[in-house]
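Working notes, structure below.
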Amino acid sequence: MNRIEAHAVGKRYARFAIQRPRKVKEALFRGMGGLRPVDTFWALRQVSVEVAAGKMLGVIGTNGSGKSTLLKLIGGLSRPDEGTLVVRGRVVGLLELGTGFHPDLTGRENVFINGVVTGLTRREVSEQFDSIVAFAGVEAFVDSPLRTYSSGMRMRLGFAVMAHTRPEVLLIDEVLAVGDLAFQKKCVARIATFKADGCAVVLVSHNLEAVTETCDEVLWLQHGNVVARGPAEPTVTSYRQANEDDDADETGAHDDDGG
Amino acid sequence: MPLTRRRLVHTRDLFLELLVREMKLRYERSSLGMLWAVLTPLLQMAIFSFVFGAVFRVDIERYPAFIFTGLLAWNWFREALFSSAGAIVNNRELVRQPGFPTAVLPIVAVTVPLLDLLAALPVLFVFLVASGGSLSPAVLALPALLVLQFLFLQGIGFLLAGLQVTFRDVQHLLNVSLTLLFYLTPVFYSPDMVPGWARTVYGLNPMTHFLVSYRHILMDGTMPDWRVLLVIAVLDAVVLRIGWTTFVRARFAFVEEL
């Protein structure tokens, strides 16, 4: 079963005048006309891709190639302007770890908030609470405020919650770049479990080694268009070559079009 | 468990978690805790009673209780609108989660100050009785009035939450407007004292009617004017419709603009 089916999907964004009113005051002075976009551009065009249950798709491309836009579309955070997109199952986004975390609340309180925000019910969180805390390895600190945690502990806790959400579609945007080697290994192992359980995974990353290693298929985007789509190894290789021919500067740069 | 039912349970849980988080962050770390919800209107009441009762000599019976009643409804109004306006822009990381029901945020924003009001309600009852009143069965109409005000605030709340995404000074303008509107709403005076030529304008302010109705129920022990409540109910429906439409339209813009 295909969990994600995109057919000729396109997303158009409006480009606004630089002096577009951002305030009521300005809009009143300059007239509401300034609110209309001066121009539109396609952030994504003619993208067709399927991800079957248990498969993992890697999305690569330089900054501004439309990777994050694709993730937003699959996550239902924005709607395609053309083409059809079908997503089957519960979508969990691993776009940032620990969404909703507040430093003044305890680890326990934050696990509940983060769990519910990520899509679990309270009951599901409490049933898995011990397992979440053990996975993160913060048993001794559950009732201390989060601000007393090290950044590594915070990250582990965020990932631990996500690891217990049983997603059917998992969207990952670069987060695995953080953390030490042991943590990364744990993440990769967990994602393999998800896949075995029939979860479709989409990974957006600049880490080409990780993409080659973990993904079944790779989608290479450039200026919103598909350059290539195919098995991980050869696609990444041709992407590497194209970049070396072009300019070596791009590698290692971070995507900044996350919103 | 069917998807729709799970969704319902999840939305309820999300609402409760966010509500509890808000309350904890507001009160748990202060030594007085929820007492603040009562102390704030009490202090306001003391100052208004002194300034307008003792200095300006406003002649209203049971003046402190009169002001306290008005303040509770007004503070809810002010807090609800102000935090609704920030509900989306201050929670962008939540809004960016796939499947996050964005509409929960303005509802939490309106509910938190309602809890403040409910916490202060027993103190108000004490004041009402101590000032020589008695609670009549008319008090039973209070929940209905609270529901009407809730729906009214929710409608405006959705509208403001949506507008703030496009116009970043909505909260600022709101702050100024609310400060001015406070004086034009009969919180520390009675609408009877307003000169005849200004009464029509006063009638256009929904908060005037809410305050008058609260005072009917709590101060006079009489039932509120049901015709007025009916008009408010219709107004609620209209405001909710407009607010919700604006909010839904802005829903996808949230993620793209934030």
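The values are calculated or read from the model by the stated rules, or taken from the named source; none is laboratory data. Every value quoted in this text rests on a predicted model; they were computed, and no experiment measured them. As a convention, Cβ positions derive from the backbone with ideal geometry for all residues, glycine included, and neighbour counts pool all protein chains shown. Side chains are part of the model used for accessible areas, which takes the heavy atoms of the whole protein and leaves out ligands, DNA and RNA. Shrake-Rupley method; radii C 1.70, N 1.55, O 1.52, S 1.80 Å.
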In region A:1-21, the residues that are at pLDDT below 75 and exposed (fewer than 14 other Cβ atoms within 10 Å of the Cβ): A:15, A:18, A:19
Scope region A:49-61; condition surrounded by fewer than 21 Cβ atoms within 10 Å (Cβ to Cβ) and either on the phi < 0 side of the Ramachandran plot or modelled with pLDDT under 90 (or both); matching residues: A:49, A:50, A:52, A:53, A:55
Of all residues making up region A:162-211, the number that are touching a residue at least 40 places away in the same chain (Cβ under 8 Å), assigned to a helix (DSSP H, G or I) and in contact with a strand residue (DSSP E or B) (Cβ under 9 Å, 6 or more places away or on another chain): 6
Where a residue in region A:127-151 is at positive phi and its partner, wherever it lies, is surrounded by 16 or more Cβ atoms within 10 Å (Cβ to Cβ) and of a type in the set (Lys, Arg), with Cβ under 8 Å and at least six apart: A:137/A:156
Index of the failed condition, residue B:126 passing every other in (1) among the β-branched types (Val, Ile, Thr); (2) within 14 Å of chain A (Cβ to nearest Cβ); (3) open to solvent by 50 Å² or more (accessible area, probe 1.4 Å): (2)
Test: residue B:29 is exposed (fewer than 14 other Cβ atoms within 10 Å of the Cβ) and within 14 Å of chain A (Cβ to nearest Cβ): yes
Residue within region B:137-160 that is surrounded by 21 or more Cβ atoms within 10 Å (Cβ to Cβ) and within 14 Å of another protein chain (Cβ to nearest Cβ) present: yes
Selection from region B:87-119 of residues that are within 12 Å of chain A (Cβ to nearest Cβ), of a type outside the set (Phe, Trp, Tyr) and outside any helix (DSSP H, G or I): B:96, B:97, B:98, B:99, B:101, B:102
Test: residue in region B:249-258 that is more than 14 Å from chain A (Cβ to nearest Cβ) and surrounded by 15 or more Cβ atoms within 10 Å (Cβ to Cβ): no
Residue pairs meeting the criteria (Cβ under 7 Å; at least 6 apart or on separate chains; first over 27 Å from residue B:131 (Cβ atoms), in region B:25-54; second buried (at least 17 other Cβ atoms within 10 Å of the Cβ) and at pLDDT 90 or above): B:25/A:102
Tally, over region A:71-110, of residues that are on the phi < 0 side of the Ramachandran plot, surrounded by 17 or more Cβ atoms within 10 Å (Cβ to Cβ) and under 20 Å from the mean Cα position of the chain (by Cα): 19
Residues of region B:152-209 that turn out to be among the hydroxyl-bearing types (Ser, Thr, Tyr), farther than 25 Å from residue B:44 by Cα and either at pLDDT 95 or above or outside any helix (DSSP H, G or I) (or both), as a count: 0
